[in-house]
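Step one of this worksheet: look at the structure below.
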Ligand code: ADP
Ligand code: MG
């Protein structure tokens, strides 16, 4: 498969998560990706009828999916493999007065994909390193033995480090081990909104809310810190928590910080949250960043040389979402431009993700400052004509750094020291 086919394959898989196989097979079964440029993708539908259905029903979904996979927005256009669409529709007018009389599966799609369908987040593709080891091990243990070991499990750490990924990995694993388990995943915003709706409406809505939340075998609440400061939400959450806990049901929570640092969180909830296992996730170190880049490249079927992996790991720090974005962008650029992945392409791919390089003259200034500081001499002295041994040594050190570290040419170095380049070479 080439990378275009791969991308289309991934899109079709994503479609299957949101719509039934029949629907996807019917409209997209023999579609392919046609022409490409940096801003748009053209999908070639099997015929004009399918083209018109895709255009009417699926464009926003496709655009969202392409953006998720590529890391940036593209306009999705649809073409038909049978060519001239006006001629084709005229032809249909003569042949039959209406499209084939079959139920329109697009009208009976499954409800929009709940987050419960994110099957791509598994333990297998979660790369483990020292900064996320405890969280991963705890999540895995909870998936194997729900409500037996750590209850609640509280995962915390800054955004983009894999908390949601671990929640879905737990769900996907538990679904395999206990297909009948009633698992409920919500973000705390969803919990809040549902509760507000329930309170605002009639009594029986409120009962439905309680029933929904208290009859689960496993409750996962993502980004629970959002309930802080909302009195009635905390009140209800406290009762939900207790009811499930007393029934020995597993509760898993994530937050961007530990319970004690969540402002306006009631202390009785803080105590509950802290009563099981708390595991943090920290930003990945270089080794883990490299491992994640290798894993993502493998998933996207990109072959990256080690120097490119190192380059990306060095530049994409802090957040796994950025790493993923960088590798996706690289894949897209290779895909659109058909270029071999070189260091230059990698540099261009992540240009939007990393701050501009420091201007060259700043680097030279900084080098001069550091060396002067180290040899305890002034700017005038190092740039002047004195030839005492300390000053000559400082000058040579500076020239060496400019040459080897900053890859300046002899001419450029000569310009800094107001001498000609043979002096630089000769020392
Ligand atoms: P959080 O919920 O902590 O903000 P996410 O779980 O949404 O972060 O992770 C952001 C992205 O990074 C996701 O696409 C996820 O798959 C990916 N990711 C994070 N950590 C890892 C990891 N250790 N291995 C592989 N992918 C990871
Ligand atoms: Mg998250």
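Read the figures in this text as sums done on the coordinates, not as results from a lab. All of these numbers come straight from a predicted model, not from anything done at the bench. Cβ coordinates were reconstructed from backbone atoms using ideal geometry, including for glycine residues, and neighbour counts include every protein chain displayed.
The table below lists the values:
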item: Cα long-axis angle, helix 3-18 against the chain (0 to 90 degrees, to the nearest 10); result: 40
item: Two-decimal log10 I(q)/I(0) for the range 279-344, as the Debye equation yields it once each C-alpha is a single scatterer, q = 0.19 Å⁻¹; result: -0.67
item: Stretch gain in nm, segment residue 344-residue 148, where the contour uses 0.36 nm per residue and the Cα spacing is subtracted; result: 65.4 nm
item: Separation of alpha-carbon centers, the range 262-288 and the range 326-398, rounded to whole Å; result: 39
item: Ordering of 254-265, 374-385 by packing [mean C-beta count within 10 Å, highest first]; result: 254-265, 374-385
item: Efficiency of FRET from Cβ geometry, residue 298 and residue 81, R₀ 41 Å, rounded to 0.05; result: 0.80
item: 372, 398 arranged by Cβ crowding within 10 Å, fewest neighbours leading; result: 372, 398
item: Helix-only [θ]222 nm of the chain, DSSP H runs n ≥ 4, -39500 (n - 2.57) each, per residue, nearest 500; result: -16000 deg cm²/dmol
item: Segment residue 317-residue 393, extension gain: residue separation times 0.36 nm, minus the distance between their alpha carbons; result: 23.7 nm
item: Rounded FRET efficiency, nearest 0.05, which uses the C-beta distance separating residue 68 from residue 230 and R0 of 30 Å; result: 0.45
item: Paramagnetic label zone (point 7 Å from Cα along Cα-to-C-beta, residue 352; backbone N under 16 Å) in the range 42-75; result: 63-75
item: Bins of 10 Å from zero: percent of alpha-carbon pairs in the range 30-81; result: 29, 56, 15, 0
item: Peptides ranked, highest mean first, by Cβ atoms within 10 Å: ranges 179-189, 331-341; result: 331-341, 179-189
item: For the range 135-234: rounded, prolate or oblate by the Cα gyration tensor [a/c cutoff 1.5]; result: oblate
item: Spatial extent of the chain: Rg and Dmax, with the Cα atoms as the point set, Å; result: 29.3, 99
item: Helix axis angle, 389-400 relative to the chain longest principal axis, alpha carbon, degrees; result: 40
item: Dimensionless Rg over Rh [the range 211-264; C-alpha; Kirkwood]; result: 0.97
item: Extension reserve of the residue 256-residue 268 stretch, reckoned as 0.36 nm per residue once the Cα distance is removed; result: 2.4 nm
